[in-house]
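The block underneath contains the structure these notes are about, expressed in structure tokens.
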């Protein structure tokens, strides 16, 4: 799939940030929303952006997407400054706002062709890019239908497809599972994991399970600044996944092949073609994302969570510390 | 440039795939044809100056309805966030939307040229002033559209955008009435100079007036620059 960055890109140094926000400040009239925010996002990272309502999560994402300009500070995409004079650089950032920006009278294919066109894809890449995202997000069956007639789940998929159509380096998602039903949430999470291959992802959410299931790093917006939660709070040691496939052996091999210390129990059959995998991680967040990616690409990933939800409880404790005014 | 083309194409699609353009163009053709026929049959005024005057008034009514959606609709539908995160400058966004409006305006005027047919059949019209008159009405409509785009870039609501445009157009049309208070003053001369109803008189008579073209060209430029600037301020 073209929208998923290749393995070669994945092997690039994660130390080189694809997105950097440096000393970013933003105020709306007298209200200071961001005050000296710093963030560096590496390739392959999924960063969960937490914070109470009005803490500046959406503002942070809008500044990173080039939709808003900061009052102070700088934004860099792959080392280049994102400025009003360089609109072309915005093509390297995919953005899905909280309310999916869709033209209801257009067909799904027409809309994606339009986004591919204005994002500057050449005529040769244009058709292939549209076909890729239609396939990747299971939109082929509705490609000719008018967007206004589609369900919220489809609209969310189209939103993700438009954000990824130009294969951006950075993907920004503002509460991407808001308003979806549980099945759609599972589906959206799997899509986010797949989309993270070879690019940096930031998504804002209020849902701790989501952070626990997806993120390699968790940051919390507190008083206009970002605070990275302690690695202990972000490191789930055990994962439980439910996959759908005929034979789980290749999936088990692929996960084991990721790192030496990864342990796995014998897959338990939950039904015809449904398997439960219990995975013991070798280290913290990075392996977690890698495992999730392998599961999502080698089988149909039905669900993914931390066994016992240690991560959730650790996050809850960390966030309770912020509520008391004491950072974790 | 390719991105501009795609945006222009989407705008045109929106006008021509939905009934917006079809209804507007049909109403303009029907109304301009009706007024021309009425004047020819019942008032015995078979001249294009009256027809151009009626077209100007029709455009004053219709252009705000076409322009009101340009940016206010994007804001209402949250698609402005998409446009502002695309690799496009604000000038390209406003430019594409304005060009699409001009295409609709051209289609409106092109269809109304049918009224020249009876003139050609039963008389010997001088085509120079007719072409000049059409150019004048086009420039006037383009100025109306630019004011509408600017109003739409301020308003969050389409109805507010349309009503604000009507208010601005009425003010620009009748502003010279205030000159009657002190007709010989410098202010009166200035009011007559900026009034649309004074400036367009030469244009609809088919006279290519440099003063009128400069004035309407300036209005268009200022309004579009304001719209671009307002869009930029949304990022602050």
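Just so it is clear, none of the values below were taken in a lab; they were calculated from the coordinates. What you are looking at is a predicted structure, and each value in this text was computed from that prediction instead of being measured. For neighbour counting, all protein chains shown are included, and Cβ atoms are generated from backbone atoms with ideal geometry for every residue, glycine included.
Extension gain for the segment residue B:181 to residue B:50, taken as residue separation times 0.36 nm less the Cα-Cα distance, is 44.3 nm to one decimal. In this calculation the C-beta distance from residue A:240 to residue A:149 is compared with R0 = 51 Å, giving a FRET efficiency of 0.85. Neighbouring Cβ atoms from other chains, within 10 Å of the Cβ of residues in B:86-92, number 6 on average.
Axis angle, to the nearest 10 degrees, between helix B:158-174 and the longest C-alpha principal axis of chain B: 40 degrees. Compute the Cα gyration tensor for the range B:2-233, then decide on rounded, prolate or oblate, letting a ≥ b ≥ c be the square roots of its eigenvalues: rounded whenever a/c is under 1.5, prolate when a/b is larger than b/c in the other cases, and oblate in all that remain. Cα axes put the range B:2-233 in the oblate bin. Between residue B:222 and residue A:107, the FRET efficiency from the beta-carbon distance, with R0 = 35 Å, is close to 0.40. Return the calculated 222 nm mean residue ellipticity for chain B, to the nearest 500 deg cm²/dmol, obtained by summing -39500 (n - 2.57) across DSSP H runs with n ≥ 4 and dividing by the residue count. Helices in chain B give a 222 nm mean residue ellipticity of -26000 deg cm²/dmol.
Stretched out straight at 0.36 nm per residue, the stretch from residue A:266 to residue A:297 would grow longer than its current Cα-Cα span by 9.1 nm. Stretched out straight at 0.36 nm per residue, the stretch from residue B:30 to residue B:159 would grow longer than its current Cα-Cα span by 44.0 nm. Neighbour counts of other Cβ atoms within 10 Å put B:150, B:99 in the fewest-to-most order B:99, B:150. Residue order for B:14, A:206, fewest other beta carbons within 10 angstrom first, comes to A:206, B:14. Remark: spin-label model distance residue A:247-residue A:273 equals 1.6 nm, labels positioned 7 Å along the Cα→Cβ axis. Measuring r between the beta carbons of residue B:234 and residue A:32 and using R0 = 25 Å, the FRET efficiency lands at 0.80. The mean number of partner chain beta-carbon atoms within 10 angstrom of a residue's beta-carbon across peptide A:90-97 is 3. Put in order of Cβ neighbour count within 10 Å, fewest first, the listed residues B:182, B:47 become B:182, B:47.
Take the alpha carbon atoms of the range B:1-68, find their center, do the same for the range A:148-188, and report the distance between the two centers in whole angstrom. The two parts, judged by their Cα centres, are 40 Å apart.
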